[in-house]
Amino acid sequence: MSAYPAYVMGTLCVVGGITGFARTRSIPSLVAGVGVGALYLWSADSIRKGTANGLEAALGASALLLLSSAPRAAKGPVPAVLTATSAVSAWYYGKTVYALHQ
C-alpha cells in the first residue's frame with residue numbers, strides 16, 4: 001500500500017484550489033480544492049502511519065473528486081485531467097481496499 005498517490009493528489013488539489021481562487025476569485029474552487037486536498041493528505045498520512053481508515057478515506061476523496069469533476073470533463077483540460085487522475089486514483093485505492101478485505 002502506497003501513500004504516494006494520495007500525497008500527489010492532495011498536493012494537486014490544494015494547489016489547484018488556490019490557483020483557481022487566485023485566477024478567478026472563485027471561493028468554491030478554493031474550498032473544494034483545499035477540502036478535498038486536505039482529505040487526501042490526511043489519508044496519505046494515515047496510510048503511511050498504518051492507522052485505520054486511511055485507504056478508505058483516499059478512496060472516498062477519489063470518488064468525491066471523480067463525481068464532482070466528471071460532469072465538467074468536456075469543458076476544458078483542467079476538468080478532464082481532474083476526472084482522469086481521480087478515476088485512476090479511485091481505481092488504485094478501490095483495488096487496494098477490495099484486496100485488503102478479501
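Data overview
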| read-out | value |
| --- | --- |
| Single residue of segment 49-68 satisfying the filter (in contact with a helix residue (DSSP H, G or I) (Cβ under 8 Å, 6 or more places away or on another chain), open to solvent by 60 Å² or more (accessible area, probe 1.4 Å) and at pLDDT 95 or above) that is nearest to THR83 (Cα to Cα) | LEU64 |
| Residue list for segment 1-29, restricted to those being more than 18 Å from SER43 (Cα to Cα) and surrounded by fewer than 14 Cβ atoms within 10 Å (Cβ to Cβ) | ALA22, ARG23, THR24, ARG25, ILE27, PRO28 |
| Residues being over 18 Å from VAL8 (Cα atoms) and in contact (Cβ under 8 Å) with a residue 12 or more places away in the chain - total across segment 54-102 | 4 |
| Restricting segment 30-39 to residues that are farther than 19 Å from ALA80 by Cα and touching a residue at least 24 places away in the same chain (Cβ under 8 Å), the residue that is surrounded by the most Cβ atoms within 10 Å (Cβ to Cβ) | LEU39 |
| Residues located in segment 69-92, provided they are closer than 22 Å to GLY54 by Cα and crowded, with 16+ Cβ neighbours inside 10 Å | LEU82, THR83, THR85, SER86, ALA87, SER89, ALA90, TYR92 |
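The values are calculated or read from the model by the stated rules, or taken from the named source; none is laboratory data. Since this is a predicted model, take the numbers as computed values, not measurements. Quick reminder, even Gly has a Cβ in these numbers, built from the backbone with ideal geometry, and neighbours come from all protein chains shown. For the accessible areas, the whole protein counts, side chains as well, though only heavy atoms, and no ligand, DNA or RNA atoms are used. Shrake-Rupley method; radii C 1.70, N 1.55, O 1.52, S 1.80 Å.
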